[in-house]
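Reviewing the structure listed below.
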Amino acid sequence: TDGQFYVQASGGGMVDLKNLTTTAGFVWFQVSDRDSRIDLSAMTSFVGTSNAGFYVDRDGTLVIPKLEVMEGGYLRLQQGAVMDVGKITRLEQVRLDIAGIEPQFAALTSLDEVSISLSAGGRLALPQITQIRTTSQNYTVSGAGSELSLPNLTRIVTDGQFYVQASGGGMVDL
């Protein structure tokens, strides 16, 4: 679609979209502050433009326990964020930004054209990933305690530039 849809909860606000199962286009969900919540209980897939996505921080809660696929967009999880990412099996053309937390992507088996940025002690372990596909992505890990781990990665398929960078005490284990 050509339109833009913004959903925001902050300052203790609550947005209930519990029957929404999927999205397409520019859809942006932002939740921040303690006791703020967006309920997407039925959502199983997110298909977004490059600037669409999820932004969760400062003890905000995004209820999305059934999300399995995210294609396109931005997933930003900052210190204090509450979002269950345990059922996500596939990330494609996503910018993943994690700071100060360690989300558990327990079911993630496909990582295609995903940029990853970890900072402020953000940690991401993806032992089930054995292959990544990339065209022009970056893996950037900065700050003490920040760590990216793909211990079972055996294949990188790239059709462009792929940058891996660790700085300021960050660690990358591929």
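Structure values in brief
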item	result
Rg ratio (alpha-carbon, reference 2.2 N^0.38 Å) - the chain	1.00
Solvent-accessible area per residue, Å², over the chain with all protein chains present [probe radius 1.4 Å]	46 Å²
Cα centroid separation, the range 132-159 to the range 70-129 (Å)	12 Å
Counted charge near Gly143, where neighbours are those whose Cβ lies closer than 15 Å (Asp, Glu -1; Lys, Arg +1)	-2
Percent accessible area from carbon and sulfur atoms, the range 4-108, protein chains only, probe 1.4 Å	46 percent
Length-normalised contact order of the range 77-174 in % [C-alpha pairs under 8 Å, at least 6 apart]	23 percent
Relative contact order, percent, the chain [alpha-carbon distance under 8 Å, six or more residues apart]	13 percent
Normalised contact order of the range 49-109, rounded percent, pairs of Cα under 8 Å and 6 or more residues apart	35 percent
Residue-wise HN-Hα coupling along the range 27-35, computed from phi with Karplus coefficients 6.51, -1.76, 1.60 (Hz; x: Gly, Pro)	10, 10, 10, 10, 9, 8, 5, 4, 6
Integer Hz, Karplus 6.51/-1.76/1.60 couplings in order for the range 54-68, x for Gly and Pro	10, 10, 10, 7, 6, 6, x, 10, 10, 8, 8, x, 9, 4, 10
Table column - 3J(HN,Hα) (Hz), the range 105-121, Karplus curve with 6.51, -1.76, 1.60, x for Gly and Pro	8, 4, 9, 5, 10, 10, 9, 10, 6, 10, 8, 10, 10, 10, 8, 6, x
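The values are calculated or read from the model by the stated rules, or taken from the named source; none is laboratory data. Just so you know, these numbers come straight off a predicted model, no measurement behind them. Cβ sites come from the backbone with ideal geometry, for glycine too, and all protein chains shown count toward neighbours. These area figures cover heavy atoms from the full protein model, side chains too; ligands, DNA and RNA do not enter into them. Shrake-Rupley method; radii C 1.70, N 1.55, O 1.52, S 1.80 Å.
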